[in-house]
Amino acid sequence: MTLPRLTRSFALATLVAGASAGISLSAHAQTGSTGGMDHSMHAGHTMGREIVVPKGAPYTKADVEFMQMMIAHHAQAIVMSRLAETNGANPQVLKLSRKIDQSQMPEIAIMQDWLRRHDQFAPDTASWHDVTMEGMLTEAELKTMGAARGVAFDRLFLVGMIKHHAGAIKMVDDLFKTPGAGQEVDANVFANDVVTAQTAEIGIMRRLLAQLPPK
């Protein structure tokens, strides 16, 4: 049976504390280091570990790759969001950046828990330094954002995060286009929730961007 792409709540509040423990996000926030590797889900990147899916498992290799890579994708978004705390973001942008931080940290924990439950490698939040994928900012883009202040920061943050969210939505779309993928119940729910939340936030960011003073 093929599961529909429906949105359902997938909150695991008890994982929030675990997501906050031992986080490695801010070490390169100002320099924007992303490492020298160029990997994407489509290249079958496995975070350095071979993915072995047991016969008869309800999930696929593509599901594992999606969860592993989305952890890295979320981690960079949190780095971007935390720059708003120090770079003079306006109150509305700061409120949004905090929402992104506070929502994506538990989501990372959800993905890590899913991977561990299926005996798969669960990368930590430092993994964003070693991969590039849909929507992720380059080292140069992060460095420019880290140096910006005030309205200049707001504009770079909003433009960059719109691109970043669009990349996450594309990753979900690619997952569902992969034969057999996205059908395991928890993976299906999570992927749909990512699309719903990030589509809504793109709408908010576009409105905030339109409200900024002209360059």
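The values are calculated or read from the model by the stated rules, or taken from the named source; none is laboratory data. Values in this document were obtained by computation on a predicted structure and should not be read as measured data. Here the Cβ is made from the backbone with ideal geometry for all residues, glycine too, and neighbour counts use every protein chain on show.
What the table shows:
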item	result
Residue check for residue 81: over 29 Å from residue 149 (Cα atoms), among the hydroxyl-bearing types (Ser, Thr, Tyr) and either surrounded by fewer than 20 Cβ atoms within 10 Å (Cβ to Cβ) or at pLDDT 50 or above (or both)	no
Residue pairs meeting the criteria (Cβ under 6 Å; at least 6 apart or on separate chains; first touching a residue at least 60 places away in the same chain (Cβ under 8 Å), in segment 199-215; second basic (Lys, Arg))	212/155
Residue list for segment 69-91, restricted to those being assigned to a loop (DSSP other than H, G, I, E, B), of a type in the set (S, T, N, Q) and touching a residue at least 12 places away in the same chain (Cβ under 8 Å)	87, 90
Residue identified as surrounded by fewer than 21 Cβ atoms within 10 Å (Cβ to Cβ), outside any loop (DSSP other than H, G, I, E, B) and of a type in the set (Ser, Thr, Tyr) among 97, 103	103
Residues that are surrounded by 17 or more Cβ atoms within 10 Å (Cβ to Cβ) and either modelled with pLDDT of 95 or more or in a helix (DSSP H, G or I) (or both), drawn from segment 39-63	41, 59, 60, 61, 62, 63
Among the residues listed as 135, 167, 160, 146, the single one being more than 17 Å from the chain's Cα centre (by Cα), buried (at least 17 other Cβ atoms within 10 Å of the Cβ), closer than 22 Å to residue 105 by Cβ and touching a residue at least 40 places away in the same chain (Cβ under 8 Å)	146
Residue selected from segment 113-132 under the condition in a loop (DSSP other than H, G, I, E, B) and in contact with a Leu (Cβ under 8 Å, 6 or more places away or on another chain), by the criterion surrounded by the most Cβ atoms within 10 Å (Cβ to Cβ)	122
Qualifying residue in segment 137-151 (condition: assigned to a loop (DSSP other than H, G, I, E, B), more than 19 Å from residue 213 (Cα to Cα) and either touching a helix residue (DSSP H, G or I) at 6+ places or on another chain (Cβ under 9 Å) or among the basic types (Lys, Arg) (or both))	yes
